[in-house]
1. Keeping to region 127-159, report how many residues are assigned to a loop (DSSP other than H, G, I, E, B) and within 22 Å of residue 106 (Cβ to Cβ).
2. Within the set of pairs 6+ apart or on separate chains, which have a first residue in region 11-28 that is under 14 Å from residue 110 (Cβ atoms), a second that is basic (Lys, Arg) and at pLDDT below 95, and C-beta atoms under 7 Å apart?
3. What pairs come up if the first residue lies in region 168-186 and is within 22 Å of residue 59 (Cβ to Cβ), the second is among the small types (Gly, Ala, Ser) and crowded, with 16+ Cβ neighbours inside 10 Å, and their beta carbons are under 6 Å apart, counting only those six or more places apart or on different chains?
4. Residue by residue through region 102-131, note down the ones that are touching a Leu at 6+ places or on another chain (Cβ under 6 Å) and farther than 19 Å from residue 154 by Cα.
5. Considering only residues that are surrounded by 14 or more Cβ atoms within 10 Å (Cβ to Cβ), under 18 Å from the mean Cα position of the chain (by Cα) and over 17 Å from residue 172 (Cα atoms), which ones fall in region 33-75?
6. Name every residue in region 129-169 that is under 13 Å from residue 36 (Cβ atoms) and surrounded by fewer than 17 Cβ atoms within 10 Å (Cβ to Cβ), in order of residue number.
7. For residue 96, state whether it is surrounded by 13 or more Cβ atoms within 10 Å (Cβ to Cβ), farther than 18 Å from residue 185 by Cα and touching a residue at least 60 places away in the same chain (Cβ under 8 Å).
8. Considering each of 24, 44, 49, 31 in turn, give the residue that is part of a helix (DSSP H, G or I), over 30 Å from residue 143 (Cα atoms) and charged (D, E, K, R).
Amino acid sequence: MEEGSSSYKLIVKSLTDKAPAKIEVVKRAEEDFGVMKNLLRKIETELLETMSTVDKRIVIKYSERGPFDLEFKICDDILIFSLHSDAFTFPENHQIWKSSYTQHGEKKVYFGMISVYNFLTDSLKYNRSNDIGVLIARAFVNHENHFFVEGKKQLGFLFNDLEHDTFTEQRIRDFLESTILHSLNSDIFTPPFEQVKMISVQDLMEKNLSSLVSTGKRLGFKLQSDTDIQ
């Protein structure tokens, strides 16, 4: 390909316009994820101190599952905060394109993504591979540290002002506390009786009875496409 060809010039333009923006977005998301780590440690310490006078059996524990995954265990819930290593944008019908903020500067529409999953503590403790984790929120942050959240219930509307809201330390803490509160307020639903009334002999021989039934928040509903994800 010749250096002066139209295709070559388009390649250079694409790299010039998009590549730096994506690099900046990933770096910004990594920085915010680092703030999350420190804040989750702080929340752990504060809750342990507060709950020590209430009931010492209540489990509250922060840990890291690797460089891109944080775990926050609270009572019978585990929240996994997962940082994606890529930059994202959105299809033309997404709500962000309706904002006047995204109309001024192509860089503004590239985002880093931090996803939050809710599992039951015993699902991981007892290696119940049939159990289900639920995506409860996704935080999107751009190179200017503006952010918004897609999520269940209050998580879907508490953080939806992309133009004015920035992922400051206080707003990150607000987001973390909201995800924790959501998990605590979501109780376990029993699976439909018809779904679990029969098991095979092979299942009984190979597994514990408690692991034969999938357990998770909102079990019995179509978790992959819950309508309360905004």
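The values are calculated or read from the model by the stated rules, or taken from the named source; none is laboratory data. Treat the numbers as computed from the prediction; the structure is a model and nothing was measured. We place every Cβ from the backbone using ideal geometry, glycine too, and count neighbours over all the protein chains shown.
1. Of the residues in region 127-159, 4 are assigned to a loop (DSSP other than H, G, I, E, B) and within 22 Å of residue 106 (Cβ to Cβ).
2. Hits for this filter: 21/107.
3. Hits for this filter: 179/137.
4. Within region 102-131, no residue meets the criteria.
5. 73, 74 - these are the residues of region 33-75 that are surrounded by 14 or more Cβ atoms within 10 Å (Cβ to Cβ), under 18 Å from the mean Cα position of the chain (by Cα) and over 17 Å from residue 172 (Cα atoms).
6. Within region 129-169, 168, 169 meet the criteria.
7. yes
8. 49
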